[in-house]
1. Please report the antiparallel percentage of DSSP beta bridges with both residues in the chain, rounded to the nearest 5.
2. Which FRET efficiency, nearest 0.05, do residue 619 and residue 466 yield, Cβ-Cβ r, R0 41 Å?
3. Let me check I have the definition right: for the chain, take the eigenvalues of the Cα gyration tensor, multiply each by 5, take square roots. What are those semi-axes in whole Å, largest first?
4. State the dimensionless ratio Rg/Rh of the range 375-426 (Rg: radius of gyration of Cα atoms; Rh: Kirkwood radius).
5. For 523, 303, what ranking results if the residue with the fewest other Cβ atoms within 10 Å of its Cβ goes first?
6. I need the Kirkwood Rh of the range 398-484: take the reciprocal of the average 1/r across all distinct C-alpha pairs and report it in angstrom.
7. Which semi-axes, in whole Å and largest first, does the equivalent ellipsoid of the range 274-344 have when worked out from the alpha carbon gyration tensor as the square roots of 5 times its eigenvalues?
8. For the range 242-293 and the range 120-191, write down the distance between their C-alpha centroids in whole Å.
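Values quoted throughout were computed directly from the atomic coordinates according to the rules given, and no laboratory measurement underlies them. As the structure is a computational prediction, the values presented were derived from the model and not from experiment. Neighbour counts are summed over all protein chains in view; Cβ atoms, including those assigned to glycine, are modelled from backbone coordinates with ideal geometry.
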């Protein structure tokens, strides 16, 4: 059984070192039952040795009362050795052991369960009751040694058999949906860390980003139900699996530091264990903030899996919901008003069909509504069944396009390949054939995570039917070369000068030492320059939203800069889109949009929507028509050049009548404007005659 990735090395030793000698002797006496006194300096080592001694552990488990034995069985079922006391007590109460904290205390005293305390502790732990009270009984976290949990497996409590026969063809997922979605979530966190308040609540920006993300919010190709705000579930789940690390109130993704197992079964086992750490998501409400007390998700999932493990046939979500309604102590309180009408059937359906089915832990059949049962993999994960064979391997599953897009056929994806692709390519679409793209930013992150250019190329060639095209290799080489020239400063003060000549003078005087652009410099160590030698006219906060700092000329291509509103990002962006106009006064900076500059921008990754968004942010309006022509001209259909005779009517009403009267309408080709139409030369004389009969005189120029 895998231990939790967020547990410290040898956590039992750390916990025992935090006990007083009296408490350590008490635990040793209960666990070891020694015949002679044990020296104080040997207590910890003797306890650790016993925890890895299967015969002794089996004897201690047989001596336990039913409730503590069931608690350890729940840990084995969930494949997770670290739990919150509130969730464990709730789960035990649901399965018939309403003993409160007594089972937890009994396991503490037996040395089969340990409190999770921050280390180092100032005061040694003298008794377990005081620790529970200080930590908050329901929020306190505990853990067990993995070997103890393995030996406790199989002791599923006596629960009703909700299984029944059902006719139909079972549907089984491939198990790749959630591994890929969690990889997408980790990739988004790697791009921008996720911030949380002290109460664990997501900030609005990050909440919206994961709620509305195209890939995470979309239904899978093989889906049986729609999950609310599935992106939030993927984020919480990734954190529970150890794919994200918390630093200073932020979640960061270390894509190179958490490689998955080689087999799909073991990778799904890690995901199954991480599922019980999800607390900020609900199958009916999506993202929510628990209002006092522990969330019901971990305990309700554990109870649902216990029922599936006991079932001898197909189980109806309604039967599971009714059982939870009657037995789970906090089930009714977490349901919405609509959910309470059916005892939470929608909650259970979303869990079984939207979470466990794509995880390949459950298979489904439609027989008077959906019914589910554990798959062979689900029985291996949650019921102690044998490990199923791995699916056949298809190593050559990638197709690399010259434009940098990667087509990944789903049947050939494996957890290691998904992990490696996530490090250097951005996921674009999920389905039977997933799509990724190579970008400079994602390639930089892959190189920063420990990959090499040769490793990236090898991964593409190893899993593709054909070697990577030369344009792709050239792109990767150029991006890798640029990365080698990057210098990173933990913090820096950038000084922006009015003209390049001013920057040259500052460099000559030693006020700044590094030229960033033609007008921006910084000190060699990234620190503050000697401000007394500089005349400051303002400062800027570069993490605010881009300000409008451009005005567009009447010609649609001339851009005038407002120096009071421009910022560092603008200086980096404008050089990729326009060319500077020389010979302008020093106080006025102008740029020109040219076909060449915009063509290079498109080749560098800009799209028309990207340009529209940039111009809206910087000018207040969309991409000018002239510039839009530069960008889209190559994709336009052929234009038609031909000779036509233009007839200019004196009024718009006359032109309207000409277009409506069948006699004259048949002689007109196109209407050019309110008073102008085009006429073929062969029809001009006949049209002139008809107009003359009406009294309209036509002068032919």
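1. 95
2. 0.40
3. 64, 37, 23
4. So for the range 375-426, dividing Rg by the Kirkwood Rh gives 1.15.
5. By the 10 Å Cβ count, ascending: 523, 303.
6. Kirkwood radius, the range 398-484: 12.7 Å.
7. Over the Cα atoms of the range 274-344, the semi-axes work out to 21, 15, 10 Å.
8. Between the Cα centres of the range 242-293 and the range 120-191 lies a distance of 11 Å.
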